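The values are calculated or read from the model by the stated rules, or taken from the named source; none is laboratory data. Just so you know, these numbers come straight off a predicted model, no measurement behind them. FYI the Cβ positions are ideal-geometry reconstructions off the backbone, even for glycines, and counts take in every protein chain you see. Accessible surface areas use protein heavy atoms only, side chains included; no ligands, DNA or RNA. Shrake-Rupley method; radii C 1.70, N 1.55, O 1.52, S 1.80 Å.
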Amino acid sequence: MRFGFQTTLRDRAAIHGVGVHSAAPAQVVLHPARIDTGVIFLRTGLSGGRERLLEAKRGNVTHTSLSTTLGDASGASICTVEHLLAALSGLRIDNVVIEIDGPEMPIMDGSANDFVRAIDSVGVAQQARLRRYIKIVKPVRVDQDGGFAEFLPAENGFRLDVEIDFKSPAIGRQRRVFDLDPTTFRREIARARTFGFLSDVQALWQAGYALGSSLENSVAIEGDAILNPEGLRYTDEFVRHKALDAVGDLSLAGAPIIGLYRTYRPGHKLNALALEALFEHRSAYELLEAPSAPAAIRARAGGAYVPAGAAAFAPAD
């Protein structure tokens, strides 16, 4: 296979908004980062002026109810990370430090589109080291609540096969298959918004969820009707958003995956269970390491930002 070079951002990019569940405001700054940093969250604004580093890895997933939450034993956490992670993974950004001063990533318009725009506004810098990959060599499958997810071998690239099945006539049964690359992600996945049912809103509010939800950041469904005046961005926007969530959740593997991910009735919990099952079966995957990059190639990520202690969060071999 052909190994790609690691990448980071050319400059800082700032984003701000409110969380869809907490309604809490948050300022987010994406910083360029050095080779092999990976994706790291720097959670600021904690009590007592504390800051915590949270690596975007499956071992730091603490909750998967309605969104994906990263946290640690200190109590520091960041929820609804999946849309930003999807943008970074879909655009093949390997190394970035994400500084955030609130408990939840901003929901923006309910998709990954604003995160893609922020990345595009500063551009991508190629770095002088080839990336590693996780190659699926044996099938791994998990079943949960009538749904399933499985990893299957593939020779090259990452294929995503997602199918949903809702009783609501506004959604019904939808299936999409994507061969993921930055062009496909931008055109086919990034703009798909999160969605929910009006009948569930009261219960979600009482449980402390969806406090920041609105027609500006979610597709709302009542019976067989879409309540958003502008309608849908794609006729099958719902399954595309589930694909977006899967891209973000699977990025927590810590390296790009070579293989097929096939899932029926997916959700954040099922995506997390699938990753857990994969890493429990060491014979099901291989870690592909590229030879060293030619000395003539130089990184272009000058001034890359690495906070104190970030070196300890470099990807493990």
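Between 208, 259, 248, the residue with the greatest mean-square fluctuation in the GNM of the chain (Cα pairs under 10 Å linked by springs) is 208. Taking 177, 201, 96 and ordering them by how much accessible surface each has at a 1.4 Å probe, largest first, produces 177, 201, 96.
Computed from the C-alpha gyration tensor, the three semi-axes of the ellipsoid equivalent to region 176-268 are 26, 16, 11 Å, from longest to shortest. Based on alpha-carbon centroids, what's the gap between region 199-241 and region 105-137 in Å, whole number please? When both Cα centres are located, 25 Å separates them. Using only alpha carbon pairs under 8 Å that are at least six residues apart, calculate the relative contact order of the chain and give it in whole percent. This gives 28 percent for the chain. A Cβ-based charge dipole, computed about the Cα centre of region 40-125 with Lys and Arg at +1 and Asp and Glu at -1, lands at about 220 debye. The value for region 105-231 of Rg(Cα) / (2.2 N^0.38 Å) is 1.32.
Counting only protein heavy atoms and a 1.4 Å probe, the chain has 45 square angstrom of accessible area per residue.
Just to be sure I understand: with springs between alpha-carbon atoms less than 10 Å apart, which residue in 49, 102, 196 has the highest mean-square fluctuation in the Gaussian network model of the chain? In this elastic network of the chain, the residue with the biggest mean-square fluctuation among 49, 102, 196 is 49. Dividing the convex hull volume of the alpha-carbon atoms in the chain by its residue count gives 130 Å³ per residue. Rounded to the nearest 20 debye, the dipole size of the chain about its Cα centre is 860 debye, using +1 on the Cβ of Lys and Arg and -1 on the Cβ of Asp and Glu. For region 137-208, the equivalent ellipsoid built from the Cα gyration tensor has semi-axes of 29, 18, 12 Å, listed from largest to smallest.
A dipole drawn for the chain from +1 and -1 charges on Cβ atoms has a positive end, and of 112, 144, 198 the residue lying farthest that way is 112. The label-point distance for residue 24 and residue 282, in a model that sets each label 7 Å from Cα toward Cβ, rounds to 3.9 nm. Calculated over region 92-174, the projected area of the Cα convex hull averaged across directions stands at 9.5 nm².
For the options 15, 107, 119, a Gaussian network treatment of the chain with springs between C-alpha atoms closer than 10 Å singles out 15 as fluctuating the most. May I ask for the percentage of alpha-carbon pairs in region 41-138 that lie more than 17 Å from each other? The answer is 57 percent, as a whole percent. Distance distribution note for region 244-294: the fraction of Cα pairs above 14 angstrom is 57%. State the answer as a single residue: which of 260, 62, 212 lies farthest towards the positive end of the charge dipole of the chain, with beta carbon charges of +1 for Lys and Arg and -1 for Asp and Glu, about the Cα centre. Positive-end residue among those listed: 260.
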